[in-house]
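Data block below; observations after.
The values are calculated or read from the model by the stated rules, or taken from the named source; none is laboratory data. Only a predicted model underlies this, so the values are computations on that prediction, with no experimental measurement involved. Don't worry about glycine lacking a Cβ; one is built from the backbone with ideal geometry, like all the others, and counts go over all protein chains shown.
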Amino acid sequence: MSSESVQEHRASAPRSIAIAVLTISDTRDLSTDSSGSLIVSLAESAGHRVVDRAIVKDEPVTIRDQILAWRSTNKFDAVIATGGTGISPRDQTFETISSLLTKPLPGYGELFRMLSFQEIGAAAMLSRAVAGLIDSLAVFVTPGSKAAVELAMNRLILPELPHIVREANRR
């Protein structure tokens, strides 16, 4: 794809995206969910609409049910999730979200780990950030730390979100 076509696509992309924010954590609630709050703040500052927000336990059925419920309403262009991307036995987000994706975007995880490596070194390989489409719903998963959320949102998600949503909905 030439840079001219990317610019044309970006120019015709929607300016404001309807977003759902999902925090996956066994310990957080709305008062302690600093990473979810940061996603909301950054998304709204970029002109997007956070239409819903939820916190669920790191349980595959619960994660899957929440995302599929949002997808079925057709009210959302994107879901941005945080948490559960590590390698501990309780971290099940990667497997759960990956199993739902109809079109994975492997470049997101690759770029996230590359950028993260520049900040934290080899520990970046433990991140299992993942993204893709569930039909036309864009889904992005960031690790649970505020630093990881800030990196993913500012360097990857927000710069391309309108373009991704545009492409996902092209007929």
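Summary table
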{"item": "Residue in the range 82-106 that is nearest to Ser127 (Cα to Cα), counting only those that are touching a Ser or Thr at 6+ places or on another chain (Cβ under 7 Å) and surrounded by 24 or more Cβ atoms within 10 Å (Cβ to Cβ)", "result": "Thr85"}
{"item": "Qualifying strands (runs of 3 or more DSSP E) (wholly inside the range 54-168; at least 1 residues being of a type in the set (S, T, N, Q))", "result": "78-82, 137-142"}
{"item": "Tabulated pairs, the range 71-86, first closer than 13 Å to Asn169 by Cα and at pLDDT 95 or above, second of a type outside the set (A, V, I, L, M) and part of a helix (DSSP H, G or I), C-beta under 7 angstrom, 6+ apart or interchain", "result": "Phe76/Trp70"}
{"item": "Any hit, the range 111-123, residues being in contact with a Phe, Trp or Tyr (Cβ under 9 Å, 6 or more places away or on another chain) and surrounded by 15 or more Cβ atoms within 10 Å (Cβ to Cβ)", "result": "no"}
{"item": "Qualifying residue in the range 147-160 (condition: acidic (Asp, Glu), within 22 Å of Val56 (Cα to Cα) and surrounded by fewer than 16 Cβ atoms within 10 Å (Cβ to Cβ))", "result": "yes"}
{"item": "Condition met for Ala43 (buried (at least 17 other Cβ atoms within 10 Å of the Cβ) and at pLDDT below 95)", "result": "no"}
